[in-house]
1. Straight distance only, please: which lysines reach the Cα of LYS53 with their own Cα at less than 22 Å, same-chain residues fewer than 8 apart left out?
2. Rounded, prolate or oblate: pick one for segment 71-115, where a ≥ b ≥ c are the square roots of the eigenvalues of its C-alpha gyration tensor, a/c under 1.5 means rounded, and failing that, prolate if a/b is larger than b/c, else oblate.
3. TYR87's amide H: which non-local residues (gap 5+, or another chain) put their own amide H closer than 5 Å, with H modeled 1.01 Å from N in plane and none for Pro or chain starts?
4. If you take every residue apart from VAL97 with its C-beta less than 12 Å away from the C-beta of VAL97, what net charge results, scoring Lys and Arg +1 and Asp and Glu -1?
5. Check cross-link reach from LYS122 to the lysines: straight Cα distance under 21 Å, and skip same-chain residues fewer than eight apart.
6. Counting only Cα, what are the radius of gyration and maximum Cα-Cα distance Dmax of segment 189-234, in Å?
Amino acid sequence: MAVQSGEDRNTATGVEDGRRRATGAGEDGAGSLEPFFRPRSVAVVGASRNPAKLGHRVLRSLISAEFEGPVFPVNPGADHVASVKCYPSIEDVPDAVDLAVIAVPASQVHDIVASCGRMGVKGLVIVSAGFAESGDEGRRRQEEVVATAREHGMRIVGPNCLGIAATDPRVRLNATFAPAPPPPGRAAMCSQSGALGVAVIAQARRVSLGLSAFVSVGNKADVADHDLLEFWGDDPATDVILFYLESFTDPDHLSRIARSVSRTIARHRREVRENGGGRAGGRLAHRRPGRRRQRRRRVLPADGHDPRRVPA
């Protein structure tokens, strides 16, 4: 986990704290993150026919990962995208949508978020840029988007992010525009940098390090590090939690959750050892009590001479 230092870090933290106090973001707890990691359906708003566009790449990622639910492309200028029926707006989608990925210009995001709220969407991943990272106007736009989402009980990952992924075989969600999907495994990762996230996924594939989930939080307008830490701390599919952060939203709160999660993981490992769960647990459970291998220590004379050592 890496952070900025000195004045830059303090300034970034202060901006995030002030923004979150103004919008009320991040107060729903870990349970509100279920739609991000176990959605039953996903809509991609801004699914373009142009393969270079982010919306097209996210849609292709979802299809390639064989997501276990329906995927709804939304684009008012297309009938089909990637051979999948397209809808002119989120309000025209015939079924309930748990998760919406938004990949449209920043100026259009607020209206789409409002439409998602009216349709009962539970989670939003905003990959669009042009918000707080772009200056005062973008910051105001971001605050309006988050406030509207909160009015409808929705949580937001992003904006200005790479997307999210969950490798559980019952879900198989890859709502990112990364060149390759993360390999399945038991480590969860949050990255504030999209570029670093792409690099980590690529390296994880090279060294066969599996991920249970990946989240690019971007501007952290709503869902932040402590939300994810709390969620993954209770996730039975996750054994290791990794963070790359450029700023802290609430360092004290994050520290408290980290200590709690560490105790939970330690307790879980103790139960696994005692019950013989898993291969490692099985070996420990069948080992006879008191038969631990002892490291033999050699005690040398005061002059440090080892009588067993043959002179060169």
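What follows draws every value from the coordinates through simple rules; no lab data is involved. None of these values were measured; they are calculated from a predicted model. Positions of Cβ are backbone-derived with ideal geometry, glycine not excepted, and every protein chain shown enters the neighbour counts.
1. Straight-distance partners of LYS53: LYS85.
2. Values: a/c = 1.89, a/b = 1.33, b/c = 1.42.
Cα axes put segment 71-115 in the oblate bin.
3. Those lying under 5 Å, H to H, from TYR87 are VAL74, ASN75.
4. Combined, the nearby Lys, Arg, Asp and Glu give -1.
5. Leaving aside lysines fewer than 8 places away in the same chain, those within reach of LYS122 are LYS220.
6. According to the Cα coordinates of segment 189-234, Rg and Dmax are 11.4, 33 Å.
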